[in-house]
Structures are given as C-alpha cells and as structure tokens.
Amino acid sequence: MTGDLYLGYRNDDANTPFGKFFKPEMASLPTHVVEALQHGPQGGMALSAFGDAARVAEQGYQQTENGYGVLEDGSYQVSVRTDMPGVTPAMWSWWFGWHGCDSRRYKLWHPRAHLSAAWKDGDDAGRQGAQRYIGRWSIISEYIGSTMLNGAIQFVAPEELGCPPDGEDAVAICARLGSSDAPVDIGWFIHHIRSTPNGAEMRSRFWMGGPHIAVRKAPGVASKAVRPIASRILGDPVASGRNLLVHCAQEMNHLAGFLPELYAAFGGE
C-alpha cells in the first residue's frame, strides 16, 4: 500500500521558503558513472571489502571508485564518486540533519524517486551540527530502480566504522541500513566527503546483504525467519547493485548542483 505517498510536489507543496529549489528535471549521469555501468559487475577482488571500510578516508583513490559487484561473502558492494564544484563537506553534514524532518525537503534530493522522510524520534529541538542526524533513525520511503522500499537509516558516528572524526576538510556520513516494516537490518553505507581545489568530492560505499543481514538489536544474529524478508528487500544482487549505483549517482549529483545556494539560504537553521 502506498497510502498518501506520491512522487514530486503537489498542491501547495512548493509554498515553502525552500520550494523554489525543487527541480523535477535531472541532469544526465556523469561520464565516469556511465562507463562503470557499461563495464558491468566487477570481480570481488576489485571491490571494497567491508573490513576495509575505513580506507575510504585515506588519501588517494581505490581500485574501484565507480562500480558494483558481488563479494565472496555473498554481499553486494557499490561505489560511486560525485564531483561537486563549489560544495564543502560541511554543507553535506548540514544537509543530512536538515532534510530529515520534512518529506518536501527530502524530495529536493531526488524528485523522481524520493517519497517521504521523517525522524523516528520526531524531534529536532535543540540539536545542532552533526548531532541532528548521528544517533537518530531516518524513516524513509523511496524507489531504488522500480522497487519501492521502506527504509530505516540508522546514522552512527564515523568512528563506529573506523573513520576519523569529522573535520573542516572531510566528513563521513555513516549508517546502518534496514527495513522500517520489520526489525531487519541489511547493510551499511559511508558517504565520505573531502575538500578538493574547486569544491569537494563524495565517495560513496555500500555493503548490502550477505553477513550484513541481522535481526535488529541482536548483533550477529541472522535467523531463518528474517532472511526471506531481507531477500525481498535486497532482490537480485547484480541488478540491485546496478540500480543502487544509478540512484546514488543521480541524487548526489542533483543535489550538489544547487546545494551551495540552498545552504546559503538555510544553513543557519
């Protein structure tokens, strides 16, 4: 059941101070993402293992910055790089705290896929900086490809995945991914944003399925009862990896195109 969920803006949705930033047309995928899609799934040895997750914060680049494939442990892994002229890491930290309380804000990010977003605790009062999202659950509905998913994004501190604490030149947005329909977790992500001479770049990493499937609040437990639920969410690993790569590239490039102006207008909130 989709209930009151719908794509885009309707009625008076745009009648907000930020409504002018809703842009239904999205740019084409960057060339480096198109090339990764043309290459198809990568061999597991060319991909980033979850045990090496924190290495995304190191200097330089990894063997696969844009690509997807299935790892030996049965999980699938996705990597995407987004170049963002004029953007700073601090803008992304602000965004992850600012957008989660209002579906109309969430839809700015991906107008063709995002449906709804709300904080599980429902309360933004008194929160500042990264504490507006770290330690909180974002309950979202969105399309990945043609599959509508109801997710629970559980943000954690960068240190939990071995990344350095956030600083002026680099920020790591880290989270556990799961279902909002059942107490099942299915993956992890890191969006590592670092400064570049002309702005910033985001290097996204996802690890989905396989050993990352667990009963929520029961680390290390992956009962037979939850695996069918996880399987329905995850789908075919190769197809889902491709769809996730496209989705991430679309939303990050889209928002980066107007994030400096959005931040200039609302960054003080």
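A short reminder: the numbers here are calculations on the coordinates, not readings from a lab. Only a predicted model underlies this, so the values are computations on that prediction, with no experimental measurement involved. Counting neighbours? That spans all protein chains shown, and the Cβs are built from the backbone with ideal geometry, glycine included.
Things worth noting here:
- Looking only at the stretch 216-245, and only at residues there that are surrounded by fewer than 20 Cβ atoms within 10 Å (Cβ to Cβ) and touching a residue at least 12 places away in the same chain (Cβ under 8 Å), the one that is nearest to Y106 (Cα to Cα): N243
- Pairs linking a residue in the stretch 49-75 that is under 12 Å from F206 (Cα atoms) to a residue that is surrounded by fewer than 19 Cβ atoms within 10 Å (Cβ to Cβ) and among the acidic types (D, E), with Cβ atoms under 9 Å and 6 or more positions apart or on different chains, are A49/E72; A49/D73; F50/D73; N66/E35.
- Pairs where the first residue, in the stretch 139-156, is surrounded by fewer than 17 Cβ atoms within 10 Å (Cβ to Cβ) and the second is among the hydrophobic types (A, V, I, L, M, F, W, C) and not in a strand (DSSP E or B), C-beta under 6 Å, 6+ apart: Y143/A113
- Given (1) surrounded by 19 or more Cβ atoms within 10 Å (Cβ to Cβ); (2) over 25 Å from P89 (Cα atoms); (3) without any contact (Cβ under 8 Å) to a residue 60 or more places away in the chain, index of the condition G210 fails: (3)
- At least 2 residues being over 20 Å from the mean Cα position of the chain (by Cα) and not β-branched (V, I, T) is the threshold, and among the helices (runs of 4 or more DSSP H) wholly inside the stretch 172-269 those reaching it are 227-234, 259-266.
- Residues in the stretch 91-124 that are within 24 Å of G167 (Cα to Cα) and either free of Cβ contacts under 8 Å to residues at least 60 places away in the same chain or assigned to a loop (DSSP other than H, G, I, E, B) (or both): G97, H99, G100, D124.
- Candidates S48, S79, S116, S28 - the one that is of a type in the set (S, T, Y), surrounded by fewer than 20 Cβ atoms within 10 Å (Cβ to Cβ) and in contact with a Ser or Thr (Cβ under 8 Å, 6 or more places away or on another chain): S116
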